[in-house]
1. Can you bin the stretch 98-176 into rounded, prolate or oblate? Criterion: square roots of the alpha carbon gyration tensor eigenvalues sorted a ≥ b ≥ c, rounded for a/c under 1.5, prolate for a/b above b/c, oblate for the rest.
2. In whole Å, how far is the Cα centre of the stretch 6-39 from that of the stretch 81-138?
3. For the Cα atoms of the chain, what angle does the longest principal axis make with the long axis of helix 13-38, in degrees from 0 to 90, nearest 10?
4. Among Val82, Val38, Ala116, which residue has its Cα furthest toward the positive end of the charge dipole of the chain, with +1 on Lys/Arg Cβ and -1 on Asp/Glu Cβ?
5. Can you give the calculated 222 nm mean residue ellipticity of the chain, where each DSSP H run of n ≥ 4 adds -39,500 (n - 2.57) and the sum is split over every residue, rounded to the nearest 500 deg cm²/dmol?
6. Output the peptides 12-22, 176-186 sorted from most to least packed, where packing is the average of other Cβ atoms within 10 Å over each peptide's residues.
7. Which Cα, out of Met69, Val125, Pro194, lies furthest along the positive dipole direction of the chain (beta carbon charges, K/R +1, D/E -1)?
8. Once you put a point 7 Å from the Cα of Glu45 and another 7 Å from the Cα of Lys142, both along the Cβ direction, what distance in nm separates them?
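The values are calculated or read from the model by the stated rules, or taken from the named source; none is laboratory data. If you're wondering where the values come from, they're calculated on a predicted model, not measured in any experiment. Note: ideal-geometry Cβ built from the backbone for every residue, glycine included; neighbour counts use all protein chains shown. Side chains are part of the model used for accessible areas, which takes the heavy atoms of the whole protein and leaves out ligands, DNA and RNA. Shrake-Rupley method; radii C 1.70, N 1.55, O 1.52, S 1.80 Å.
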Amino acid sequence: APTTTRAKPYRDLGYLRIALVNAVLWAVALATESALPVFAVRDAELPTWSVGLLFTVNTALMSTLQLPMSRLLKGARLPTVVAVGALLYGVLHLGAAMLPSVPGQGRVAVLVAAMAVYTLGEVAVSQGTLVQLTSWPPEHAKGSYLAFNQVLVGVATALAPLLATSLPMSGPGVLWWVLAGLGVLAAAVSLSAPRTAVPAAAAPRHEAAEG
């Protein structure tokens, strides 16, 4: 019979791990995409058309890679998929942090290449977290689990603009190093899932807290 613990997502350690990683990476992505246009034009002194190019690359790759990535990741261990995706986010963050050392003519190329890698990470994270968030909860409590996740996503959505606007005032590159660090932290938390927990999309298992 279903346990009371399983109906309380904040007491289900396995789901809490998934939802927290998802929320952190959501905040990282929102902060990245909010801050990048201002950084590119004001700080990196790139032409304004470069911003459109960056997001065109992002949108085009997101649209074309969803199906191939889902096939590639079929049967993969989802916490590892999410962790790899989180680390790929960091390629864009490190690229932005070190962009001042790149000669002017090469800056657009560096950011476009970094955006392509970042987008691969986005696809991996979105697919990995979506499957975990929806396949982990017991059927009778799925609504409360998903509502709990939405609360965390809401908090992340509220905090992302704060990160994007306040950290750049702390010094050159601070925002990008902090976002890279959050990505590494999310990857580490995702990888901390026991190997028996959600090994693949087709075989979700539960890891509820005792009590």
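1. Details: a/c = 5.54, a/b = 1.91, b/c = 2.90.
It is oblate, given that a/c is not under 1.5 and a/b is not larger than b/c.
2. Between the Cα centres of the stretch 6-39 and the stretch 81-138 lies a distance of 15 Å.
3. 20 degrees
4. Looking along the dipole axis, the top candidate is Val82.
5. Values: 6 runs with 142 residues, N = 211.
Rounded to the nearest 500, it is -23500 deg cm²/dmol.
6. Values: 12-22: 22.7, 176-186: 20.3.
Ranking, from highest mean packing down: 12-22, 176-186.
7. Of Met69, Val125, Pro194, it is Pro194.
8. With each label point 7 Å from Cα toward Cβ, the separation is 5.5 nm.
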